[in-house]
Amino acid sequence: MRSNTTHLTPALLESLATEGVTAVTPNRRLAVALKRAYDTAQQQAGRRAWAAPDVLPLSTFFVRTYQAVRLCADPSAASAANMPRLIDAPQSHLLWEEVIRKSDASTALLSVPQTARQAAAAWSVANQWQILDAMRAYPLHEDGQVFFAWALSYQQRCRELNITDQAVLPDVLANILISTPTNTSVREKLVNELLPKQLLTVGFDIVTPQVETFFQVCSTSGIVVGPLFDGSKPATTGTAAIAARIAAPIAAPVVAPIANTKRFVFATEDDELRACAAWARTRLESDGSFPDAVSSHARIAIVVPDLQNKRSRIWRVLTDALDATARAQMASGADAPQVSTLFNLSLGLPLNEYGLVNDALELIEFSQGRSLPFARFSTLLRSPFIGGAEREMAARAKLDAQLGDALAAEVSLFSLQKSFKLNASKRLENVARQCPAWMEIVNRVVAMPNEAATPTHKKVAGPTKRSPHDWSRHFTKVLSAWGFPGERALGSTDFQVLAKFRDALDTLAALENVQPRMRADEALVQLRRIVGDTVFQPESAEGNHAPIQVLGILESAGQSFEPFDAMWVIGLSEDAWPLAARPNPFIPAALQRRAGVTEASAAASLALDKRITDGWLHSATELVVSHAMYSDGSSGSSGGNQEARPASSLISHFVLQSATPITANYAEALQAVNAVHPPSLIPDTSLSALPTPTTVTGGSSIIRDQAACPFRAFARHRLSAKPLVEPAVGLDATTRGTLLHRVLSLVWSKLKSQATLLATDADTTSTIIDDAVQQAIAEVRADGAEMLVGRFAAIEHTRLCEVVTAWLTVERERLPFDVAACEEAHKVEVAGLLMRLQLDRLDRLQDGTFALIDYKTGVAQVKSWIGERPDEPQLPLYFQTAEQQISVLAFARLKRGKTFGFEGVSATENVLPNVTPIEQKRGMQDRGYVSWDVLIQEWEVALDNLAKQFVNGIAAVDPKNGGLTCAQCDLQSVCRVAEFNGVTIDAGANTDADDATGASDD
Ligand code: SF4
């Protein structure tokens, strides 16, 4: 990206290059932009080497000056020598927390840290606008009184500790200048060595009274203060109206305003953003170098109010428009968060949103004995930032899969160690052996928690409190024990993030300036807050030079010295621009307005935002402004009756254009790419046939899966694809189903017939049920359901007893029967496919025929047995190969409610309650099921067909009911159905998870 330097005249270049001249800007971006423009201007002037200008943000200038003065302080100069220590924002925050906690008001607060944040903001406003003294005599509201008392306590603590914060720093420096006697060596040093001779300001919209006072003190001390770009007025040492003159570049810009502007209105914010992205791409394409960012000469700005909240969305839309393949790179682990070099988002992310920092914090927390949800632990286990992660990448993935079976829903270091030592299955042991580095790390970290509790200084009482400095070192040691940051070479982003995280650990250590001792958990909270408050944008060679710069509103102001080729400002609806007045709640609004606080007054806010809007006219050679009538997802945007938002009154005078074409979204962009470069398709719907007869594990679920989706059957039963088990809290649906099946089996193995049931009194029946439940719970617990103890087991016991007691009432009301078999395994063969089925129950009826019964704890209907692709083929399969004469197939529906009871079909009438011949079922005649014989024939054809398909390797991705079927499947990431077939997964589909039937087949 080239820099537009037409406004850096030789005279300005010379003034910037002069020794003793410092230029200050309101933000870092402007400082960088000014330096870049300066360098380019020097190059264009034919120079090969030049002195670097002293350009920096004003806040950095204050800190630099403070440090210089403090280092050079002459002991003879009381004001300089006794300079308070400067604390940073985290230390200030901690001090505010201390002050608030000690106050009576703290008991009524929901969150002290949150209140401390607001109090610190109010403190900053009070100092910047010099309101604190006025508050003494002002009739304060309740919040104002509380804040004022806190502010006095905070000041008192600062005095006691001889510290100061950045909110007060300009006053401290001004006082030093004022109080250092003239004609002394200290004064000479201050004015001639430590402070610049000339202080040039660039891009200030607002000059607060505090800054104005500082500038005036500088001015009276002989320092020339004035704006850099002030063509008509040379900088002087005069003190009058410095603030007005400094803000002058906005009001009297050096660049002529743009003659033609464009305004657009869009239906939704998404439309607006996509149109803006398309526009930016068009500008780049017309530059001729697209998509090469390095050789691009374009300078394009996209200005976004509320950039912080919209950051990820803007990144996504711009990436789609400019580089559809970049998202795929992200997914494959490219150096996040910015892949495309064509654009640069000026706003960074909070440090804790970077993977490296997030993992580091969780490793520390995990090492302190905290439990993590299994899903989070699973991610941590595979973190690339742990030692040995590269070498053991595949082995750790296998270990993760095994641990899903061995661990509970919450994982602690202790439970992890226990799972290896006490409960390890052979398979887990084998996989763990393949991860020696991981195992060594876990053992090393397990040995550390006691160390965390040991005081560094033995004389200090209390084993858990240590200095923040000690905790910082301890956390570093813990991370080192984990092999952090891993063995792979860090990319540029991660490298910078790591450096910033180390700074955060140093910041934690420095908290001992205000709190000498704290517990480990308190230290971790502070560290989390420090990284959460640190917004970090990694430097990239490409970032600042990217042809498209995405800026926040305030950054867009003051840009006229380096105008863009084109600028688009989005989101300018009436409710968003100008910004609404937002006075600080701890200071009376009237007092803030009187002091001139811009944010506190609608009029002042409007005036500032109007100046910024006018400034855009001088910040680019093409200006586009726009707004969306409806927010995304609002009822208005989807055809409802929400009122459309008008454009901001500040842009309504720009001429409205018809809407631009809207770019494709990601899927459409991908399709467009595929249309130009069609992917080669390899037909893979039919694979090699299996030799027959063939035995495949899976029981009736092979046919059920083949019917639901051929690819599902292939993946599960030929590739043995299994979902990763994620431990859940409590019993999962399969275990609950297994328990109920087992209890009913035990009960009927005792009773054996309806006659015995009817002859058994209620107490004895209860005892039989109770014993069966106890035995089933004990068996399932022994099988790994460790949570089945104590109160939880008692609740499950009661539930099972109630369900089975109610079910026996249903069984009492049937015609007489004997139970011929319970939970018996049978082998069946269909079309050369050998399967092993486990039948829930087989009853011998009065007429000598048999009833097949399938227990169901979820939804169960006869229609799941019919058609070419039956949903529940287990009973029809058994029926096909049964030696007995079967006259009834029935579901025993055990879910309490109105469907509790039997549901099925029979050869004749009145065999079982709610079980009828097929032709009497609603709608069955219409579908051709006119008799028992037809039903049997249809089953034979359908089941034979499905078995043949499986054996012959038919594996098409063909879900029976589209997204509804896929919603009940765990193979979406394998078949990629949503991506290639456009199937929308119906997340709301009834997954019928409370059903263990079929799980018992093998
Ligand atoms: S997700 Fe859908 S298409 Fe994919 S295997 Fe499962 S049922 Fe078939």
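A few remarks follow.
- Counting only protein heavy atoms and a probe of 1.4 Å, the accessible surface of the range 141-195 is 48% carbon and sulfur.
- Hits among lysines - C-alpha to C-alpha of Lys102 under 28 Å, sequence gap 8 or more where chains match: Lys459, Lys465
- Filtered GluC sites (Glu not before Pro), the range 882-963: DSSP coil and at most 16 other beta carbons within 10 Å: Glu883, Glu909
- Note that the range 89-165 carries a Kirkwood radius of 12.7 Å, evaluated over its alpha carbons pair by pair.
- Here the range 810-854 exposes an accessible surface that is 44 percent carbon and sulfur, computed with a 1.4 Å probe and the other protein chains kept in place.
- Förster radius 30 Å - calculated FRET efficiency between Thr764 and Val789 (Cβ-Cβ, nearest 0.05): 0.60
- Between the range 766-831 and the range 845-908, the Cα center-to-center distance that results, in Å: 19 Å
- For Glu440 and Arg187, the difference between the fully extended length at 0.36 nm per residue and the C-alpha to C-alpha distance is 84.9 nm.
- Added length on full extension, which subtracts the Cα-Cα distance from 0.36 nm per residue, Thr694 to Leu152: 186.6 nm
- q = 0.16, 0.20, 0.24 Å⁻¹, the range 125-232: log10 I(q)/I(0) [Debye, one scatterer per Cα]: -0.88, -1.12, -1.32
- Charge context of Ile777, other residues only, Cβ under 10 angstrom, K/R +1, D/E -1: 0
- Computed over neighbours whose Cβ is under 9 Å from that of Ala713, the net charge equals +3, Lys and Arg +1, Asp and Glu -1.
- Counted by Cβ distance under 12 Å from Thr115, the other residues give a net charge of 0, where Lys and Arg count +1 and Asp and Glu count -1.
- Checked against a 30 Å cut-off, the cross-linked pairs Lys421/Lys722; Lys722/Lys895; Lys863/Lys895; Lys262/Lys500 give Cα-Cα distances beyond that limit for Lys262/Lys500.
- By the Stokes-Einstein formula, at 1.567 mPa s and 4 °C, the range 351-536 with its Kirkwood radius over alpha-carbon pairs has D equal to 75 µm²/s.
The values are calculated or read from the model by the stated rules, or taken from the named source; none is laboratory data. Please read all numbers here as calculations on a predicted model, not as lab measurements. Because the Cβ atoms are built from the backbone with ideal geometry, glycine has one as well, and the counts that use them run over all protein chains shown. Surface areas here come from the heavy atoms of the whole protein model, side chains and all, with no ligands, DNA or RNA. Shrake-Rupley method; radii C 1.70, N 1.55, O 1.52, S 1.80 Å.
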